[in-house]
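Chemist: I'd like to ask you about the structure that follows.
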Amino acid sequence: MIDFQNGSVFKLKPVTLEEGIAAVGLLLVDGENITAAFRGNRDMIVFTDKRIIAVNVQGLTGKKIDYSSLPFAKIQAFSVETAGSFDRDAELELWFSGLGKVKLEFSGSVDIRQMGRDIANKVL
C-alpha cells in the first residue's frame, strides 16, 4: 500500500479521464464511473463515483502495481486547503476508518473547493 503520509509522493496533476480508465478500468464494478484522475511521477489517483483508487507503480520496470481502494463510505472527516501565493499546492486530507489520514497534494489548476463539495455530497 502507498505511504499516504509522505506528501512529496503526491504532487498530483490532472490527467484525462481516458488515462484514468486505462489505469483502473478493469477494476471498476458495474455502474462505477471515473470522475477525475491525477498523476504524480509514476503513481496515480483516480476518483470514481464510489471510491478513490490509488495506483502505486513499484520496482524499476514498473510492471508491479499496487491498487488501493479507498471507499467514500469509510471517510470519517476531510479538509481542503486552497493554494496560496507562495504555497501553490492545494491539499486534500481525508480520514478513513481503519486507515487514518490520507494527504494528497495537487499542483496545477485543480478546483479544490469543487472537489470538497463532491466529497461532501458522497459522505454527508
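Chemist: Can you tell me how many residues within region 103-124 are crowded, with 17+ Cβ neighbours inside 10 Å and part of a loop (DSSP other than H, G, I, E, B)?
Modeler: Of the residues in that region, 1 qualify.
Residue-by-condition table, conditions (1) out of contact with any Phe, Trp or Tyr (no Cβ under 7 Å at 6 or more places or on another chain); (2) buried (at least 18 other Cβ atoms within 10 Å of the Cβ); (3) part of a strand (DSSP E or B); (4) not acidic (Asp, Glu):
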{"position": "PRO14", "(1), (2), (3), (4)": "no, no, yes, yes"}
{"position": "GLY20", "(1), (2), (3), (4)": "yes, yes, no, yes"}
{"position": "ALA23", "(1), (2), (3), (4)": "yes, yes, no, yes"}
{"position": "LEU26", "(1), (2), (3), (4)": "yes, no, no, yes"}
{"position": "GLY31", "(1), (2), (3), (4)": "yes, no, no, yes"}
{"position": "THR35", "(1), (2), (3), (4)": "no, no, yes, yes"}
{"position": "PHE38", "(1), (2), (3), (4)": "no, yes, yes, yes"}
{"position": "ARG42", "(1), (2), (3), (4)": "yes, no, no, yes"}
{"position": "ILE45", "(1), (2), (3), (4)": "no, yes, yes, yes"}
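Chemist: For region 57-102, give me each residue that is under 13 Å from the mean Cα position of the chain (by Cα), under 16 Å from LYS11 (Cβ atoms) and surrounded by 17 or more Cβ atoms within 10 Å (Cβ to Cβ).
Modeler: Answer for region 57-102, where residues must be under 13 Å from the mean Cα position of the chain (by Cα), under 16 Å from LYS11 (Cβ atoms) and surrounded by 17 or more Cβ atoms within 10 Å (Cβ to Cβ): ALA90, GLU91, LEU92, VAL102.
Chemist: Could you list, in sequence order, all residues of region 11-28 that are among the hydrophobic types (A, V, I, L, M, F, W, C), touching a strand residue (DSSP E or B) at 6+ places or on another chain (Cβ under 9 Å) and over 14 Å from ALA54 (Cβ atoms)? Walk me through it before giving the result.
Modeler: Quick first cut of region 11-28, residues among the hydrophobic types (A, V, I, L, M, F, W, C) only: 12, 15, 17, 21-24, 26-28.
Now drop any that are not touching a strand residue (DSSP E or B) at 6+ places or on another chain (Cβ under 9 Å), which leaves 12, 15, 17, 21, 23-24, 27-28.
Of everything in region 11-28, those that are among the hydrophobic types (A, V, I, L, M, F, W, C), touching a strand residue (DSSP E or B) at 6+ places or on another chain (Cβ under 9 Å) and over 14 Å from ALA54 (Cβ atoms) turn out to be VAL15, LEU17, ILE21, LEU28.
Chemist: For residues that are outside any loop (DSSP other than H, G, I, E, B) and either among the polar types (S, T, N, Q) or touching a residue at least 40 places away in the same chain (Cβ under 8 Å) (or both), tally how many sit in region 53-90.
Modeler: So the first thing to find is which residues in region 53-90 are outside any loop (DSSP other than H, G, I, E, B), and the list is 53-58, 64-81, 90.
Imposing the further condition that a residue be either among the polar types (S, T, N, Q) or touching a residue at least 40 places away in the same chain (Cβ under 8 Å) (or both) reduces the set to 54, 56, 58, 66-69, 72-73, 75-76, 78-79.
Adding up the residues that qualify gives 13.
No lab work stands behind these numbers, since they all come straight from the coordinates. This structure is a prediction, so every number in the text was calculated from the model and none was measured. With ideal geometry, Cβ positions are generated from the backbone for all residues, glycine too; neighbour counts draw on all protein chains shown.
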